[in-house]
Amino acid sequence: MSPWVAVRVALVLFVLLWILGPSELRSFVPLLLVFLVALALEVQFLVGALRSSSARLPDRRPQEVDRDRYGFEREPDELVVVEDGDAEVWLAVSEDESPDEDDEEDEVEHDEPAPRRAPSPVRRFLVGLALIAALVATIWVLESRTGWDSLDRETRIEATDRFADEASRVAGKPVTIFCDESGDFVGAVQHTDGVAIVGGDHAYLTPERCLDLYRLAFEGEVTGSRTGRAIAVLAHEAWHLRGERDEGTTECYALQSGVELGRRLGLSEDRARQLMRQQLTENALRGVGSFEYRVTPECRDGGRLDLHPGDSSFP
Ligand SMILES: [Zn+2]
């Protein structure tokens with residue numbers, strides 16, 4: 001299998017797995033990155049193929065052996081004399097090949113255009129681009145039919161009102177939640193999953209997080225650790241609205257509030273606790289890049305950030 005084909009098969013299989021597979025795959029592997037890698041490989045193959053083909057151009061002329069076989073210098077096997085009226089015509093006749101066979105051979109040996117034998121690198125590159133574009137379009141259509149935006153307007157309003165009620169309990173005051181990524185304003189703490197002004201009265205969550213919260217609260221659906229993440233994000237922004245600025249402290253409080261929040265949205269207490277513990281574990285595993293969001297060692301049972309020091313379960 002050529003590398004071109006291998007990359008495309010791998011890409012299609014991965015996209016299928018991404019669509020049908022476990023939700024963890026979706027939340028941990030950004031599909032855009034996968035498409036960019038595939039595109040980079042296609043470009044690399046193209047450049048490589050163009051370089052090697054310019055280095056040694058194949059000789060497309062008939063080979064010596066072909067000329068020997070079909071060329072004009074061939075000696076006829078037999079000469080036949082035909083009488084045409086008064087004149088005598090001499091014909092050269094070969095008995096070893098019928099005209100049909102000759103045509104077939106010619107097609108294979110001489111008439112086949114080069115691209116059919118081995119597709120040109122540029123054409124193969126364009127096919128690769130078309131495949132990537134088709135996959136991106138497929139994902140886009142799927143997302144628009146199944147995503148947050150696919151819910152009707154009234155359902156979305158009802159859902160965000162519900163999220164706002166829950167966030168208000170955590171924030172200790174009435175706050176508003178918007179399910180939108182457009183909240184890019186001055187003085188806000190901005191994360192990949194949400195935005196809030198410290199001490200403010202409204203926060204923005206990404207549509208993905210809102211959809212997971214909606215599925216939990218309105219359809220009783222739990223999508224693995226993604227549901228846990230969505231609960232933690234809502235609680236996190238709510239704690240910012242309450243006035244907490246420090247990221248590590250905010251996250252630590254959010255994971256504790258998330259147990260009650262998750263329970264109110266329909267989880268059993270055990271399940272809510274388990275999802276928040278999972279978030280705490282993932283928080284500790286996160287890389288240096290998100291260092292400032294890392295919870296401190298004080299985020300433990302009986303630690304300085306324990307909201308319920310009398311309770312032995314944490315979070
Ligand atoms: Zn934050």
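As a summary of the residue check, ILE157 satisfies the conditions (1) touching a helix residue (DSSP H, G or I) at 6+ places or on another chain (Cβ under 8 Å); (2) part of a helix (DSSP H, G or I) except for the one numbered (1). Within region 161-175, the set of residues being in contact with a Ser or Thr (Cβ under 8 Å, 6 or more places away or on another chain) and touching a residue at least 24 places away in the same chain (Cβ under 8 Å) comprises VAL170, PRO174, VAL175. For region 224-280, the set of residues classified as away from the ligand (no atom under 16 Å from the Cβ), of a type in the set (Lys, Arg) and within 25 Å of PRO22 (Cα to Cα) consists of ARG226, ARG263, ARG271, ARG273, ARG277, listed by residue number. Close contacts from region 264-286, counting a first residue that is acidic (Asp, Glu) and a second that is assigned to a helix (DSSP H, G or I), with Cβ to Cβ under 6 Å and a gap of 6+ residues or different chains, come to GLU269/ARG263.
Output the residues belonging to region 128-154 that are without any contact (Cβ under 8 Å) to a residue 24 or more places away in the chain and either farther than 30 Å from ALA10 by Cβ or surrounded by 15 or more Cβ atoms within 10 Å (Cβ to Cβ) (or both). Break it down into steps so the answer makes sense when it comes.
Taking region 128-154 as the starting set, the residues that turn out to be without any contact (Cβ under 8 Å) to a residue 24 or more places away in the chain are 130, 133-134, 137, 140-141, 143-146, 150, 152-154.
If the condition is that a residue be without any contact (Cβ under 8 Å) to a residue 24 or more places away in the chain and either farther than 30 Å from ALA10 by Cβ or surrounded by 15 or more Cβ atoms within 10 Å (Cβ to Cβ) (or both), then GLU143, ASP152, ARG153, GLU154 are the ones that fit.
LEU255 meets each of the listed conditions (1) closer than 17 Å to VAL195 by Cα; (2) assigned to a helix (DSSP H, G or I) apart from (1). Here ARG209 fulfils each of the conditions (1) within 16 Å of the ligand (Cβ to nearest atom); (2) at pLDDT below 90; (3) crowded, with 17+ Cβ neighbours inside 10 Å; (4) closer than 26 Å to TRP18 by Cβ apart from (2).
Among the residues of region 160-178, are any within 30 Å of VAL12 (Cα to Cα) and not small (Gly, Ala, Ser)? Break it down stepwise before answering.
If we filter region 160-178 for residues that are within 30 Å of VAL12 (Cα to Cα), which is where we start, we get none.
No; the residues of region 160-178 include none that is within 30 Å of VAL12 (Cα to Cα) and not small (Gly, Ala, Ser).
The residues of region 230-251 that are touching a Ser or Thr at 6+ places or on another chain (Cβ under 7 Å) and either surrounded by fewer than 21 Cβ atoms within 10 Å (Cβ to Cβ) or not small (Gly, Ala, Ser) (or both), listed by number, are HIS236, TRP239, HIS240, GLU244, GLY248.
The values are calculated or read from the model by the stated rules, or taken from the named source; none is laboratory data. Worth saying up front: this structure is predicted, and the values here are computed from it rather than measured. Cβ: placed from backbone, ideal geometry, glycine included. Neighbour counts: every protein chain shown.
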